[in-house]
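J.: Before I ask anything, let me first share the structure, which is written out below as structure tokens.
Readers should treat all values here as calculations from the given coordinates under stated rules, not as data from a laboratory. Bear in mind the structure is a predicted one, so any value in this text is a computation, not a measurement. Quick reminder, even Gly has a Cβ in these numbers, built from the backbone with ideal geometry, and neighbours come from all protein chains shown.
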Amino acid sequence: MKTLLILRHAKSSWNYPELSDYDRPLNKRGKRDAPRMGKFLSEQKLTPDRILTSSAKRARRTASKVAKACGYEGKVKKIDTFYDAVVGVYFETLQALPKKYERVMVVGHNPTMEQLVGYLTGQIRRMPTAALAHIELPIQHWKALDVNTEGTLANLWTPKTLFTD
């Protein structure tokens, strides 16, 4: 059994029209929600043993803040192809992981995060910014993961449902 955590990047800022979409930073809410989700992961005993993130600035910052807050001790790996990716790119990247990783987190963008949850669980779920899906996969090796893998959506959390401001 493998665990996949799917995290949509935290809320980004639109205050810098001169920046490309790729270079948009987190806004105030995003800077607050990312570490909250990391702390929540730690409390749920779901700290990943591998984190893979889109190389876009808002995703990298989200991954970094979550990693720090949950006590992740590894290096967050940037995956350039996760930016503006289709679901197949995530499958290919996950399939290449060594067996030793039991709990992996991917950090990316919509609509792909929602589509990934859909392919793996058969459920259509909305993933607002900083939403986190916890999926249990009935596989022993990552190389066995494919679009026919029937995972179980153990939970889907959002900052709005977890925290009161």
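J.: Check each of the trypsin sites (Lys or Arg not before Pro) in the range 92-140 and keep only those in coil by DSSP with at most 15 other C-beta atoms within 10 angstrom; list them in order.
T.: Working: sites: K99, K100, R103, R125, R126; in loops: K99, K100, R125, R126.
Answer in residue order: K99, K100, R125, R126.
J.: Work out, step by step, the length gained on full extension between E43 and E136: first 0.36 nm times the residue separation, then minus their alpha carbon distance; give nm to one decimal.
T.: My answer for the length gained is 31.7 nm.
J.: On to the next question. Nearest 5 percent is fine: what portion of the DSSP beta bridges confined to the range 10-165 is antiparallel?
T.: Looking only at bridges with both residues in the range 10-165, the antiparallel portion is about 45 percent.
J.: Another one. Based on the Cβ-Cβ distance from K143 to N110, what FRET efficiency comes out when R0 is 35 Å, to the nearest 0.05?
T.: Rounded to the nearest 0.05, the efficiency is 0.85.
J.: Sticking with this structure for a sec: If you take every residue apart from G74 with its C-beta less than 14 Å away from the C-beta of G74, what net charge results, scoring Lys and Arg +1 and Asp and Glu -1?
T.: So the environment of G74 carries a net charge of +4.
J.: Follow-up question, since we're still on this one. Determine, for M113, M1, the number of other Cβ atoms within 10 Å of each Cβ, and report the residues in order from fewest to most.
T.: Least to most surrounded, the residues fall as M1, M113.
J.: Below 14 Å, Cα to Cα, which aspartates and glutamates can K68 reach? Residues fewer than 8 away in the same chain don't count.
T.: D33, E43, D49
J.: Within 15 Å, Cβ to Cβ, of H109, how many net charges do the neighbouring residues add up to if Lys/Arg are +1 and Asp/Glu are -1?
T.: Around H109, the surrounding residues sum to +4.
J.: Run the numbers for L97 and K78: contour at 0.36 nm per residue of separation, minus the present Cα-Cα distance, in nm.
T.: Residue separation times 0.36 nm, minus the Cα-Cα distance, leaves 5.4 nm.
J.: What whole number of Å gives the distance from the Cα centroid of the range 5-30 to the Cα centroid of the range 117-139?
T.: Cα centroid to Cα centroid, the span is 21 Å.
J.: Beyond a 28 Å Cα-Cα separation, which of these cross-linked pairs lie in this structure: K31/K77; K28/K143; K28/K100; K11/K100? Walk me through the numbers before you get to the answer.
T.: Numbers: K31/K77 20 Å; K28/K143 38 Å; K28/K100 36 Å; K11/K100 32 Å.
In this structure, K28/K143; K28/K100; K11/K100 lie more than 28 Å apart at Cα.
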